[in-house]
1. Distance in nm between label sites at Ser555 and Arg53, each 7 Å beyond Cα in the beta-carbon direction?
2. Rounded if a/c is under 1.5, else prolate if a/b beats b/c, else oblate: with a ≥ b ≥ c from the C-alpha gyration tensor eigenvalues square-rooted, which is segment 249-289?
3. For segment 441-526, what ratio Rg/Rh do Cα atoms give with a Kirkwood hydrodynamic radius?
4. Compute the orientation-averaged projected area for segment 477-584 from the convex hull of its Cα atoms and round it to one decimal in nm².
5. On a full-extension model of 0.36 nm per residue, what is the gain between Asp571 and Val201, subtracting their alpha-carbon distance, rounded to one decimal in nm?
6. Starting from the 7 Å offset along Cα-to-Cβ, what nm value, one decimal, do you get for the label separation of Lys194 and Ser465?
7. Quick one: which residues, 5+ away or cross-chain, put their amide H under 5 Å from the amide H of Gly298? H built at 1.01 Å from N.
8. To one decimal place, what orientation-averaged projected area in nm² is obtained for the convex hull of the Cα set of segment 26-78?
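The values are calculated or read from the model by the stated rules, or taken from the named source; none is laboratory data. Keep in mind the model is a prediction, meaning the values are calculated, not measured. Here the Cβ is made from the backbone with ideal geometry for all residues, glycine too, and neighbour counts use every protein chain on show. For accessibility, only protein heavy atoms count, side chains too; no ligands or nucleic acids. Shrake-Rupley method; radii C 1.70, N 1.55, O 1.52, S 1.80 Å.
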Amino acid sequence: MYMNKEVIYLEPEDDITDILTKLQQAEQKLVALVPPKKATMLRSAVNMKLVARTAKECDKVAVIVTADPAIVKMAMTAQIPIAKTLQSRPVVPTKEDIDKTMAEEQVIDEDLADASAAAELDELKSDKNGKNGAKTPGEGTKGAPETTSKKDGEIINLDEETLENGSKDAKKGKNKDKKDKNGKKVPSFEKYRKWIIIGSVAAVLLIAVGVWAFVFAPAAKITVAMSTSSDNFSEEVKFATEENAENLDEGTLYVEKQTFEQRYDVEFTATGQEDRGEHAKGNVIVSRTFTANEYPNGFGIDIPAGTEFVANNGKIYKATAGGSIAWDGDNYKKVCDGGKDISSKSSPCTKSVTIPVEAAGSGADFNLDKGATWNSYQGANVTNEAISGGTTNNVTVVSLQDVHNARDKIAEEHAEENKTKFMDQLKKDKEFVIIEPSYAADISDTTSKPEVGTEVSDGTKPTVSVKISYTVYTVKKSQLEQLMEKKMSVGDDQKIYSIGEPYFDRFTSIEEPARLKTTVKIGPTVTEETIIERTKGKKIGEVNSLLRSINGVSSVNVSPSYFWVRSVPNDPSRIEVDLTVEDK
């Protein structure tokens with residue numbers, strides 16, 4: 001019995017449902033299922049049994065065309081015939097077939113060319129003998145396939161005897177090279193497996209290299225040299241610390257105050273000396289001698305508490321209570337101390353008052369014997385009773401001078417370091433220009449522990465805490481560019497390419513004007529964006545001509561990433577633009 005065959009090539013993405021559907025929809029009774037290499041859908045015993053059951057229900061004979069040992073093993077379990085090629089005789093595999101298939105997987109033919117040549121020679125001989133197509137379906141070995149054609153509808157002998165004999169031949173190891181009805185030897189494609197794999201890998205690598213070379217590798221660097229002219233700029237400018245006060249037309253720049261603060265805590269040695277002994281105490285007598293004729297309208301001397309009296313030795317004593325000397329000009333006969341009478345208005349009279357005093361400082365040298373000499377007070381004579389009780393006790397204290405010395409030393413030691421640090425920090429921001437003459441340092445907060453005037457015991461080191469604020473004014477570079485464009489009348493097709501190192505000459509303070517001086521380079525308006533937009537996707541030669549036509553472009557150099565790259569990529573990210581400025 002012979003049947004027409006329908007070949008179904010399975011796809012890698014097909015699942016078991018797709019396979020069963022294709023099997024059910026097949027028009028021929030004999031269905032050859034050809035799975036892709038390394039297929040996994042038929043390596044399941046369950047899936048293989050589903051194929052066998054579906055074929056039986058549809059009254060079809062399913063043959064699996066494969067040499068995969070795993071699929072052959074599953075076919076043996078489900079009793080489904082296996083053919084190594086579309087021209088091979090299908091047999092239900094046995095364990096010996098599986099072992100043989102696995103062994104053949106390891107065999108690589110060494111001379112494919114000889115096999116191909118032999119096949120062609122057989123075909124030529126067959127043609128000469130006029131035997132092609134001479135045999136009838138009944139001729140040839142019993143159970144052999146009817147034809148070796150790969151087309152749908154070819155006849156394959158699949159009767160019960162063929163399947164049985166095929167199984168027996170496999171068991172006996174008698175399977176040899178098959179021949180078609182014309183007697184030609186059909187080469188097995190297993191012999192070409194190595195070369196097919198090598199060719200496939202080479203093709204994949206060639207495609208990958210091609211994609212890389214023509215998709216990912218192309219890149220270009222475009223170097224454009226701009227011809228510019230240098231010019232000196234000098235303009236008187238004023239400064240404003242409020243942003244809304246800026247007026248570039250009038251040359252007024254908005255400036256910002258930048259601050260950098262540092263705090264230091266440093267030990268120092270106290271050198272102040274102070275006498276902490278007792279203060280001398282006593283009384284001074286203030287007296288005034290006069291005549292009624294001298295002061296007909298009277299006089300008065302007021303001595304409030306705290307009044308300072310100075311002895312001739314320079315020591316100062318302070319009144320601890322007040323007093324006064326006065327005469328109103330009446331009753332001249334009884335105006336002297338104690339109401340003493342005077343004989344006439346020309347007779348001398350003395351009025352006095354006793355004032356308690358305390359030495360301004362401690363120490364035994366403030367003690368005075370009675371009757372010492374004093375400086376007069378408002379024309380009145382000053383003398384004293386005994387002043388005593390002063391003692392000397394010299395101790396070391398924190399003096400104000402100690403604190404100032406320590407503060408100044410800190411500021412001096414860190415002046416250059418902090419200025420450099422401050423300026424470097426500001427220079428990182430390329431948007432600002434520093435007005436260096438405005439740099440200043442201010443010691444805004446100084447405290448000592450212990451405080452000034454505090455006694456310090458031997459071995460104790462006081463500390464001083466100093467906060468130093470460094471300030472400088474900055475102006476935005478964009479403001480300077482705008483100012484220069486206004487003052488220099490830069491054309492629409494021109495722009496400032498670079499500014500030298502701007503500096504402010506004759507700067508005294510932020511409230512006074514100064515002169516801004518620098519050099520600028522002016523050239524044509526060409527940007528990286530415009531170059532990329534004009535050149536992407538164009539041939540390298542065309543790019544050179546296009547860019548050289550721009551007024552002010554002195555030279556163009558296009559460097560492709562590899563020698564085979566002949567065009568600038570369309571992807572802007574793969575285009576590098578380097579603008580250089582050449583001074584005339």
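1. The two pseudo-label positions are separated by 8.2 nm.
2. On the way: a/c = 9.05, a/b = 2.03, b/c = 4.45.
Cα axes put segment 249-289 in the oblate bin.
3. Details: Rg = 24.9 Å, Rh = 17.8 Å.
A ratio of 1.39.
4. Values: hull surface 36.2 nm².
Taking the Cα atoms of segment 477-584, their convex hull projects to 9.0 nm² on average.
5. On the way: separation 370, 0.36 × 370 = 133.20 nm, distance 3.05 nm.
Roughly 130.2 nm would be gained on extension.
6. Between Lys194 and Ser465, the simple spin-label model gives 8.8 nm.
7. The list, which skips near neighbours in sequence, is Gly329.
8. Details: hull surface 13.5 nm².
Value for segment 26-78: 3.4 nm².
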